[in-house]
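The values are calculated or read from the model by the stated rules, or taken from the named source; none is laboratory data. Just so it is clear, the model here is predicted, and its values are computed rather than measured. Neighbour counts run over all protein chains shown; Cβ positions are idealised from the backbone, glycine included.
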Amino acid sequence: MGWIWKEEHLDLVLVPFGLLMMFIYHLYLLHKYLNDREDTAIVYENNNKNAWVQKILQVEPKERGYALAVLNGQLSASTSLSSISLVLCSLIGALLGNSSNNFVTSTMILGDTSKSTNSIKYIAILSCFLLAFTCFVQTTRHFVHASFLICMPTGDVPVNCIQKAVIRGSNFWAVGLRALYFATTLLLWIFGPIPMFIGSVATVIVLHFLDITKEPMIRYEPDKKIERKIASVVGAFNQIGRP
């Protein structure tokens, strides 16, 4: 007896292929990040943020209110997205607990509509939203830490400490958004493997447009204060070395 094609087999072909395509794209992005760093939007944005921190620290501590406003905007966005992710996790958990098939799932979807497959769908989506929630919480943590360091009254915090906090918060923000992109693609799987596959292709195209940049890296001027300190130290050594 020969093998018979069934519509349930669409899930076994299109869903893994769509996920594999997204994973391969992110491996390609990682390769670009490690080798052609200046071609990625992540490095481009991190370079701007590092320069922003350096310029902010040239301002007196009591005049850094606008810097806190920038960080507060990022904190508000990460808090909102973490709350949305948590609410969606609760909603998906409720849907997962309701194992009964509805009319749409049983009659209008081309693909596997069994209870086990539906459970896998909801668990995969739930995992993505939980990852997004965790990343946005970590984003909030690092930006709050950066706010404390920028507000230090004495203003003697090392630049690299604040840069590290800002960059880490930005990286967690980027990973959280990636988790939302994956969750959106998996949400389309609820309506069948074909919408999920189309969503995977569209997501890869959009992410490639957003992640790869041909803009030249901005070369910021060095910190004038540091240059003056170095010049004064060199001058002092020269004075000591003279007979």
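Some observations on this one:
- Consider the stretch 115-154 and keep the residues that are exposed (fewer than 14 other Cβ atoms within 10 Å of the Cβ) and not hydrophobic (A, V, I, L, M, F, W, C). The one that is modelled with the lowest pLDDT is Thr154.
- Residue match in the stretch 156-172 (condition: within 26 Å of Leu19 (Cα to Cα), crowded, with 17+ Cβ neighbours inside 10 Å, out of contact with any Gly (no Cβ under 7 Å at 6 or more places or on another chain) and not β-branched (Val, Ile, Thr)): yes
- Subset of the stretch 25-45 (residues that are at pLDDT 85 or above, surrounded by 14 or more Cβ atoms within 10 Å (Cβ to Cβ) and of a type outside the set (Ser, Thr, Tyr)): His26, Leu29, Lys32, Ala41, Ile42, Val43, Glu45
- Residue within the stretch 10-24 that is modelled with pLDDT under 90, in a helix (DSSP H, G or I), surrounded by fewer than 16 Cβ atoms within 10 Å (Cβ to Cβ) and of a type in the set (A, V, I, L, M) present: yes
- Within the stretch 194-231, the residues that satisfy the criterion of being at pLDDT below 55 and not charged (D, E, K, R) are Ile226, Ile230, Ala231.
The rows are residues; the columns are (1) over 19 Å from the mean Cα position of the chain (by Cα); (2) more than 14 Å from Ser78 (Cβ to Cβ); (3) outside any strand (DSSP E or B).
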| site | (1), (2), (3) |
| --- | --- |
| Asn118 | yes, yes, yes |
| Thr139 | no, no, yes |
| His142 | no, no, yes |
| Phe148 | yes, yes, yes |
| Val157 | yes, yes, yes |
| Val206 | no, yes, yes |
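- Among the residues making up the stretch 53-69, a single one is surrounded by fewer than 15 Cβ atoms within 10 Å (Cβ to Cβ) and under 22 Å from Ala174 (Cα atoms): Ala69.
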